[in-house]
Amino acid sequence: MHPGILKPSHHSSINSPEELLQAYTALFIFLGGSVSMSPEESGLPHMCDSGMLRNLPVESHNTNYGKASHLLRSPCPFKQQCHHTVSGNYDSLLTGERSAYAYPAASRWNGSDKVSETTARGHHAMVGRIYSQYGYSTAQDCSLEPDHLGVELLFVNLLLEKYLTEDDTRVKKNIQKDLLDFIDGEMLSWLPRWAEEVSEKSVTKCYTGISGLIIGALEDVRDILSDQKLGL
């Protein structure tokens with residue numbers, strides 16, 4: 001992921017819903033990479049250390065988003081140790097399905113603390129069917145589960161792009177409904193518990209802030225889409 005993906009925010013009251021949704025697609029690419037790639041691959045330590053995370057592509061009045069962006073704008077407490085500390089935090093929080101404190105996959109957080117393999121496979125199949133409706137599939141060499149947060153965020157990004165470029169009102173309405181169902185019914189059903197665990201176990205502000213941004217951004221997109229009246 002290129003560290004320059006985050007651009008200074010130009011959000012104001014005159015931004016159209018379409019412009020805001022387009023800005024969130026850029027944010028979701030960054031957030032998806034941050035929870036699915038090592039800090040070395042995503043460039044997260046560089047972004048934190050250089051202050052790039054102080055210039056998010058969207059401003060928001062959402063409580064979760066506001067708290068997270070304020071946290072990410074605060075001074076880094078680790079200074080020269082940022083890269084080492086963030087890498088260690090990523091390893092303990094997000095890698096290794098069985099050993100990570102806050103492994104970001106829906107089947108890890110749905111239901112009881114110990115999700116059976118059968119339950120997990122059933123959820124993976126359900127999510128996979130939703131993906132297949134839009135021709136979305138992970139690469140053959142991808143080791144992430146279908147319900148991994150990074151995969152789900154990229155799917156939301158795909159649907160947003162389809163929604164923004166679709167001219168047929170009927171098709172656009174279907175995409176809108178599927179987006180709202182996926183965000184509310186799939187993602188926001190488990191992400192608050194995941195973010196709470198990240199906040200409790202993280203030793204850096206980066207992942208606490210990222211978890212808050214994910215929830216806040218999804219809530220914002222849900223609210224923008226809910227307000228869209230198509231075909232009137």
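So which of Ser137, Ser143, Ser199 is in contact with a Gly (Cβ under 9 Å, 6 or more places away or on another chain), of a type in the set (S, T, N, Q) and closer than 21 Å to Asp91 by Cβ?
On the way: Ser137 fails: closer than 21 Å to Asp91 by Cβ; Ser143 fails: in contact with a Gly (Cβ under 9 Å, 6 or more places away or on another chain).
That would be Ser199, the only listed residue that is in contact with a Gly (Cβ under 9 Å, 6 or more places away or on another chain), of a type in the set (S, T, N, Q) and closer than 21 Å to Asp91 by Cβ.
Need the failing condition index for His61 against (1) surrounded by 20 or more Cβ atoms within 10 Å (Cβ to Cβ); (2) at pLDDT 85 or above, just the number.
The one condition His61 does not meet is (1).
Regarding segment 202-210, can at least one residue be identified that is closer than 28 Å to Pro39 by Cβ and either in contact with a strand residue (DSSP E or B) (Cβ under 7 Å, 6 or more places away or on another chain) or modelled with pLDDT of 95 or more (or both)?
Start the filter on segment 202-210 by keeping residues that are closer than 28 Å to Pro39 by Cβ, which leaves 202-210.
From what's left, either in contact with a strand residue (DSSP E or B) (Cβ under 7 Å, 6 or more places away or on another chain) or modelled with pLDDT of 95 or more (or both): none.
No - not one qualifying residue is present in segment 202-210.
Could you please give the count of residues in segment 96-114 that are in contact with a His (Cβ under 8 Å, 6 or more places away or on another chain) and modelled with pLDDT under 85?
Taking segment 96-114 and keeping what is in contact with a His (Cβ under 8 Å, 6 or more places away or on another chain), we get 104-107, 110.
Restricting the remaining residues to those that are modelled with pLDDT under 85 gives 110.
Residues meeting the conditions: 1.
Going residue by residue through segment 152-174, is there one that turns out to be of a type in the set (A, V, I, L, M, F, W, C) and under 16 Å from Ser107 (Cα atoms)?
Yes, segment 152-174 contains a residue that is of a type in the set (A, V, I, L, M, F, W, C) and under 16 Å from Ser107 (Cα atoms).
Can you confirm whether segment 209-232 contains a residue that is on the phi > 0 side of the Ramachandran plot, surrounded by fewer than 19 Cβ atoms within 10 Å (Cβ to Cβ) and not in a helix (DSSP H, G or I)?
yes
Quick check on my filter: what residues within segment 9-38 are modelled with pLDDT under 90, closer than 18 Å to Gly212 by Cβ and of a type in the set (Ser, Thr, Tyr)?
If the condition is that a residue be modelled with pLDDT under 90, closer than 18 Å to Gly212 by Cβ and of a type in the set (Ser, Thr, Tyr), then Ser9 is the only one that fits.
Ser199 is checked against (1) surrounded by 14 or more Cβ atoms within 10 Å (Cβ to Cβ); (2) without any contact (Cβ under 8 Å) to a residue 24 or more places away in the chain; (3) in a loop (DSSP other than H, G, I, E, B) and fails just one. What number does that condition carry?
Ser199 satisfies all of (1) surrounded by 14 or more Cβ atoms within 10 Å (Cβ to Cβ); (2) without any contact (Cβ under 8 Å) to a residue 24 or more places away in the chain; (3) in a loop (DSSP other than H, G, I, E, B) except (3).
Give just the number: which of (1) in contact with a helix residue (DSSP H, G or I) (Cβ under 8 Å, 6 or more places away or on another chain); (2) of a type outside the set (Lys, Arg); (3) under 30 Å from Leu72 (Cα atoms) does Glu166 not satisfy?
Glu166 satisfies every listed condition except (3).
Which count do you get for residues in segment 39-58 that are over 21 Å from Ser16 (Cα atoms), polar (S, T, N, Q) and at pLDDT below 85?
So the answer is 1.
Looking at the structure I just gave you, is Ser226 touching a Gly at 6+ places or on another chain (Cβ under 9 Å), of a type in the set (Ser, Thr, Tyr) and touching a residue at least 12 places away in the same chain (Cβ under 8 Å)?
no
Check Leu93 against each of (1) at pLDDT 80 or above; (2) over 22 Å from Leu149 (Cβ atoms) and name the one condition it does not meet.
The number of the failed condition is (2).
The values are calculated or read from the model by the stated rules, or taken from the named source; none is laboratory data. Note that the coordinates shown come from a computational prediction; the quantities given were computed from them, not determined experimentally. Backbone-built Cβ (ideal geometry, glycine too); neighbour counts: all protein chains shown.
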